[in-house]
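Below you'll find the structure, written out as structure tokens, and then a few comments.
No lab work stands behind these numbers, since they all come straight from the coordinates. Predicted, not measured: the structure shown is a model, and the values here were computed from it. So basically every Cβ, Gly included, is an ideal-geometry build from the backbone, and we count neighbours across all protein chains shown.
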Amino acid sequence: MASPSPSLPLAGMLELRPLGQTGLMVSALGFGASPLGGVFGTVSEQDAIDSVREAFRLGINFFDTSPYYGGTLSEKMLGKALRALGVPRESFVISTKCGRYADGFDFSAERVTRSIDESLARLNLDYVDILHCHDIEFGSLDQVVNETIPALIKLKKAGKTRFIGITGLPLGIFTNVLDRIPPGSIDVVLSYCHYSINDTSLEDLLPYLKSKGIGIITASPLAMGLLTENGPPEWHPASAELKAACQAAASHCKSKGKNISKLALQYSVKNKDISTVLVGMNSVKQVEENVAAATEIGEEADQQLLQDVQDILKPVKDQSWPSGIQQS
């Protein structure tokens with residue numbers, strides 16, 4: 001038996017912001033669905049359904065996934081959760097990706113064209129709102145420009161996606177691609193780990209992106225675990241210096257009775273030039289904590305704490321790590 005439909009999102013809980021020139025209005029906090037793929041531990045189908053339902057109830061209308069997350073499991077789980085919502089399709093915004101899969105990268109026109117049909121089947125949808133080309137720094141940017149994006153434009157014309165995006169870590173990939181394609185070919189960029197307390201290098205790119213009418217999504221405001229009390233996973237590619245500084249900042253927050261993760265999330269959500277901040281979630285508790293943090297923006301009580309943390313992180317400010325292949 002299907003679960004009962006949730007009520008409409010609670011008014012005023014989360015700000016809705018325009019996503020570039022797409023006409024889409026997305027919640028300032030977005031639901032990153034990679035954890036639904038078991039990336040951080042097993043998640044039951046019921047927990048996935050309950051998490052998505054609570055997110056929607058509290059005003060989150062943007063959900064992001066990829067066939068790469070959990071080897072397609074994230075898309076399947078999100079699809080089941082969205083179906084259980086029982087709400088009109090136009091009441092939520094869905095993005096998925098193509099080009100990166102459990103077995104590697106493939107940005108060929110044939111593969112990305114097949115990919116969207118596979119994703120739509122898993123998501124139980126007729127179309128997605130945004131189809132991102134996933135982590136393009138791991139492919140040839142020439143291929144992305146000359147083959148992949150034209151293929152995605154055809155999918156857009158066919159109605160399988162409403163808009164097209166590109167994602168990746170090195171910020172230079174965005175200007176590299178956008179400078180070489182016709183205006184309007186790309187609608188959205190998804191950047192991660194470049195707009196958080198320790199790294200605000202995306203800020204320098206915002207005027208360029210806005211000048212091209214590009215919608216801006218950021219992910220990983222906690223810097224893939226750097227800005228947490230528990231610290232990052234062992235595989236985290238950050239330098240020892242960066243990890244140590246972030247741990248010192250986390251310890252300082254804890255000594256003041258505060259949590260660095262909450263401070264970091266609020267810092268990222270506060271910038272209104274960024275349409276939405278994606279945070280991975282896989283439980284009702286996580287959803288409630290993240291929404292509570294995001295809706296407390298405007299309180300000035302933690303300004304001194306933020307300044308303290310910025311001072312601790314100043315020696316490693318904007319320090320990142322390599323990602324992708326050497327581009328010719």
Rounded to the nearest 20 Debye, what is the dipole magnitude of the chain about its Cα centre when Lys and Arg each give +1 and Asp and Glu each give -1 at the C-beta?
-> 620
Rounded D (µm²/s) - region 139-216, Kirkwood Rh over Cα pairs, Stokes-Einstein at 37 °C, 0.692 mPa s = 249
Could you state the principal axis extents of the C-alpha atoms in region 130-275, from the largest down, to the nearest angstrom?
-> 54, 30, 27
By Cβ neighbour count within 10 Å, fewest first, 180, 17 rank 180, 17
What is the Cα radius of gyration of region 43-163 over 2.2 N^0.38 Å, N being its residue count?
-> 1.07
Take the Cα radius of gyration of the chain and divide it by 2.2 N^0.38 Å, with N its residue count; two decimals is plenty.
-> 0.95
Short to long, in 5 Å steps from zero, the percent of alpha-carbon pairs of region 98-192 per bin is 3, 14, 28, 28, 19, 8, 2, 0
Taking a crude spin-label model, label points 7 Å out from Cα along the C-beta direction, the residue 157 to residue 296 distance in nm is 5.1
Pulled fully out, how much extra length does the chain show between residue 45 and residue 91, if you take 0.36 nm times their separation in residues and subtract their Cα-Cα distance?
-> 14.4 nm
Which pairs break 18 Å Cα to Cα here: 243/314; 76/157; 243/285; 76/156; 243/272?
-> 76/157; 243/285; 76/156; 243/272
1/(1 + (r/R0)^6) with r = Cβ-Cβ of residue 142 and residue 317, R0 = 25 Å, i.e. FRET efficiency to nearest 0.05, evaluates to 0.15
Mind checking which aspartates and glutamates have their C-alpha under 17 Å from residue 160, skipping anything on the same chain fewer than 8 residues away?
-> 64, 75, 90, 110, 117, 118, 126, 129, 187
Diffusion coefficient in µm²/s returned for region 241-328 by Stokes-Einstein, Kirkwood Rh over C-alpha pairs, 25 °C and 0.890 mPa s, is 165
Looking at the square roots a ≥ b ≥ c of the eigenvalues of the Cα gyration tensor of region 5-109, which shape do they give, rounded for a/c under 1.5, prolate if a/b is larger than b/c, or oblate?
-> oblate
Treat region 220-289 as a sphere of radius equal to its Kirkwood radius over Cα pairs and apply Stokes-Einstein at 10 °C in a medium of 1.306 mPa s; give the translational diffusion coefficient in µm²/s, rounded to a whole number.
-> 122
Order by protection proxy (mean Cβ within 10 Å, highest first), peptides 232-245, 84-97 = 84-97, 232-245
